[in-house]
Amino acid sequence: MNCKLSELRNKEVISCENGCRIGCVDDLEVDTSNAQVVALIIYGRLKLFGLLGRKDDFIIPWRNIELIGEDTILVKSCAQKRPKTKKKSVFSRFF
């Protein structure tokens, strides 16, 4: 089965361990030297409509993907969280 990035972006990622929805695919990490997909990236949810930033991103290594179906992607283990880098908030200069 061949799949485009635009098709992957519409698929929900579900954990096989507990059945919880992790999110939808937002980006891919690609190893350019081997031309292989390394991981799926799911951006963290927005905090207060994005005014307070967003939560940590989820990175799912390609080896943890069990099945890519029509609507969902099943993964065998929980995703790793990638902490966001600290940026100065717009409101920090007022306090």
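Only the coordinates and a few stated rules stand behind these numbers; no lab work does. Since the structure is predicted, the reported quantities are computational estimates derived from the model, not experimental observations. No Cβ is skipped: glycine too gets one built from the backbone with ideal geometry, and neighbour counts run over all protein chains shown.
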What are the ³J(HN,Hα) couplings of segment 4-10, residue after residue, when phi is run through the Karplus curve with 6.51, -1.76, 1.60 and θ = phi - 60°? Round to Hz, x for glycine and proline. 8, 4, 5, 6, 5, 5, 8
Can you tell me the FRET efficiency between GLU70 and CYS20 if r is taken as the Cβ-Cβ distance and R0 is 25 Å, rounded to the nearest 0.05? 0.80
Going by a ≥ b ≥ c, the root eigenvalues of the Cα gyration tensor, does segment 8-77 fall in the rounded group (a/c under 1.5), the prolate group (a/b larger than b/c) or the oblate group? oblate
